[in-house]
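Down below is the structure, laid out as structure tokens.
The values are calculated or read from the model by the stated rules, or taken from the named source; none is laboratory data. In this text the structure is predicted, and so the values were computed from the model without any measurement. Glycine gets a Cβ as well: all are built from the backbone with ideal geometry, and neighbour counts include every protein chain shown. Only protein heavy atoms, including side chains, enter the accessible area calculation; ligands, DNA and RNA are left aside. Shrake-Rupley method; radii C 1.70, N 1.55, O 1.52, S 1.80 Å.
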Amino acid sequence: CPITGWENICEVAHLLPKQNENWVCYSINPYNSTSDSTDPNNLLLLREDLHSAFDNKAFILVPKQGRQVLHFIAYMPPVTDIFHNREI
């Protein structure tokens, strides 16, 4: 997990969800190498609890000065306190 550094209990998260695969194919395909939601550029290995939080829209990834930074929208102690505004 690039956020926590954990190597165990990690899951593959889709940046653009699988259920939006048709949107990827028809809307942003010129910017993507493939319309497949399993493209490695669309995958992020996350610790299990962070994967669940990401799927529940508790945090987003925000580009900041050439970096990707975590921003929590929902407060989830102690995770928010530790990882809010952390670069990945």
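Mind listing whichever residues of the range 62-87 are open to solvent by less than 60 Å² (accessible area, probe 1.4 Å), under 10 Å from residue 3 (Cβ atoms) and not in a helix (DSSP H, G or I)?
Hit for the range 62-87 is 70, nothing else.
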Next item on the list: Could you tell me whether the range 22-39 includes any residue that is at pLDDT below 95 and at positive phi?
Entry: no
Check: Considering only residues of the range 32-58 that are farther than 15 Å from residue 14 by Cβ and free of Cβ contacts under 8 Å to residues at least 24 places away in the same chain, which is farthest from the chain's Cα centre (by Cα)?
Finding: 33
